[in-house]
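Presented below is the structure to which this report refers.
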Amino acid sequence: MEYVIIGNGIAGIHGAEAIRRHDPEGSITLIGDEAVPPYCRPMISMVLEGSVSPEQLPIRDAGFYDAFRITPVLGRRVANIDVEGRTVRLSGDGGDIRFDRLLIASGADPRPIAADGLDLDHIFYMRTEQHVRGMLKALPSVKTALVLGGGLVGFKAAYGLMRRGIRVTQLIRSEYPLSMQVDRTAGEMILAELVRKGLDVRVGLSAAAFYGRGRVEGARLSDGSELPCDMVVIGKGVLPALSFVPRDRIAVDLGVLVNEHMETSAPGIYAAGDAAEFVDIARKTRWVNAIWPEAVLQGRAAGANMAGRPVALKGSLGRNVIRIFDMDIMTGGWVDPPESLGFEVVTRMDHHRNTYRKMVLDGDRLVGTVMVNDIDQGGTLISLIQSETPLKVPGKRLLTPGFNYRQLLN
């Protein structure tokens, strides 16, 4: 059996390890567009802030490929997949690689923006360790920075630069930060914390153009104003990296559509991680939950199924634990559904302690939660959403101080 994996990230390597665990003899070829061993992508922001070194990023040692008898093809992108011919073509003159089973674990690329002047120096995305290395090299000449985007990447970039003593302005197109992870109440609490800590946050704005002589010196904003800056970080989220996927042969929406075995519409071809679109447990519809834990689970399941060991997943679930300066936030599931759906929403705000909790229920099923500065038992709440356990108590009871959520799992 010839296995090919597109992607050298967390989903790809867990897929490879699962294949080798169930098939000791098959050949495994792993293709990665970065010419470095697998590393912890969520930690690159910690490299930017200086709390860890680039050398601490790898999650597998130099002997990983030999130990699992994997043939690595690094520093190359895939140009296309020939579904009928069962080959993957590499970009440039890399030729074709044959497969019997294929895993698309190509991850995601930074979401591009439409603005003039993007070719100037000192304008960065923050997706790879190479991006961060470039930022570190530029830092000695940077006094002011502009960060675009109010999501996790944008915040982590802003925080890291502030830790380096750089004055940061953050532009957020939405009305509050982390609008894809939290609701308005939590978002406004986060905004107040960011401002209190000295971050210049401007909501409802984006960058229209950048100017400078060779390197960026400033930005023209969507309201017509100008903002001087020595560095720009674009953190507007990501999109599944699927330019090589033939959409007339493999079903794709935002991500590659997969079933419970992580198999695509093309038999023998699988997808996992940020490239895959799976059923969301809370929403009961297809969704791309581009988070590290889901990439691990999906990669393992895909690899096992590719090697002939049937494994079924019920769906995926978005969840995050975030520390923003002195504020702890935990979210899970569908935190801000449309009112038209008629879900029960219960909340508790304690202004004195600056805490907030929100529970979203669809009938007797918990489908979402937001917790700010009060994240005790948060893991149990995530388990309740994942397991779809029927709750035997009224929704308001969930907000009773000291309520033991574990009793609901029994």
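Key figures
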| read-out | value |
| --- | --- |
| Val132, sole failed condition from (1) modelled with pLDDT of 95 or more; (2) part of a loop (DSSP other than H, G, I, E, B) | (2) |
| Hits in the range 118-138 - residues which are open to solvent by less than 20 Å² (accessible area, probe 1.4 Å) and more than 22 Å from the chain's Cα centre (by Cα) | Ala138 |
| Residues that are in contact (Cβ under 8 Å) with a residue 24 or more places away in the chain, assigned to a loop (DSSP other than H, G, I, E, B) and among the aliphatic types (A, V, I, L, M), drawn from the range 37-94 | Leu57, Ile59, Ala62, Val83 |
| Options Glu25, Glu34, Glu2; residue that is of a type in the set (Asp, Glu), open to solvent by 50 Å² or more (accessible area, probe 1.4 Å) and touching a residue at least 40 places away in the same chain (Cβ under 8 Å) | Glu2 |
| Which numbered condition Leu146 misses (of (1) touching a helix residue (DSSP H, G or I) at 6+ places or on another chain (Cβ under 9 Å); (2) open to solvent by less than 20 Å² (accessible area, probe 1.4 Å)) | (1) |
| Enumeration of residues in the range 322-345 that are within 28 Å of Lys156 (Cβ to Cβ), acidic (Asp, Glu) and not in a strand (DSSP E or B) | Asp326, Asp336 |
| Selection within the range 346-355 - in a strand (DSSP E or B) and either open to solvent by less than 60 Å² (accessible area, probe 1.4 Å) or over 18 Å from Leu408 (Cβ atoms) (or both) | Val346, Thr347, Met349, Asp350, Thr355 |
| Number of the exception - Gly165 against (1) more than 30 Å from Ala307 (Cα to Cα); (2) more than 26 Å from the chain's Cα centre (by Cα); (3) in a strand (DSSP E or B) | (3) |
| Pair list, Cβ < 6 Å and 6+ apart or interchain, from the range 202-217 residues that are touching a residue at least 40 places away in the same chain (Cβ under 8 Å) and in a loop (DSSP other than H, G, I, E, B) to residues that are among the basic types (Lys, Arg) and open to solvent by 50 Å² or more (accessible area, probe 1.4 Å) | Ser206/Arg173 |
| Among the candidates Gly332, Gly303, Gly315, residue that is touching a residue at least 12 places away in the same chain (Cβ under 8 Å) and on the phi > 0 side of the Ramachandran plot | Gly315 |
| Residue selected from the range 356-410 under the condition assigned to a helix (DSSP H, G or I), of a type in the set (S, T, N, Q) and in contact with a Leu (Cβ under 8 Å, 6 or more places away or on another chain), by the criterion farthest from Ile324 (Cα to Cα) | Ser387 |
| Matching residues, the range 150-167, being closer than 18 Å to Val216 by Cα and open to solvent by less than 10 Å² (accessible area, probe 1.4 Å) | Ala157, Ala158, Leu161 |
| Top-ranked residue of the range 61-75 - restricted to ones that are open to solvent by 50 Å² or more (accessible area, probe 1.4 Å) and at pLDDT 95 or above, ranked as nearest to Glu34 (Cα to Cα) | Leu74 |
| Verdict on Val88 being farther than 23 Å from Ser174 by Cα, in contact with a Leu (Cβ under 6 Å, 6 or more places away or on another chain) and crowded, with 20+ Cβ neighbours inside 10 Å | no |
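Yes/no per residue for (1) polar (S, T, N, Q); (2) surrounded by fewer than 18 Cβ atoms within 10 Å (Cβ to Cβ); (3) in contact with a strand residue (DSSP E or B) (Cβ under 7 Å, 6 or more places away or on another chain):
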| residue | (1), (2), (3) |
| --- | --- |
| Thr264 | yes, no, yes |
| Trp287 | no, no, yes |
| Val296 | no, yes, no |
| Asn305 | yes, no, yes |
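The values are calculated or read from the model by the stated rules, or taken from the named source; none is laboratory data. Worth saying up front: this structure is predicted, and the values here are computed from it rather than measured. We place every Cβ from the backbone using ideal geometry, glycine too, and count neighbours over all the protein chains shown. Keep in mind that these areas ignore ligands, DNA and RNA; they rest on the heavy atoms of the full protein, side chains included. Shrake-Rupley method; radii C 1.70, N 1.55, O 1.52, S 1.80 Å.
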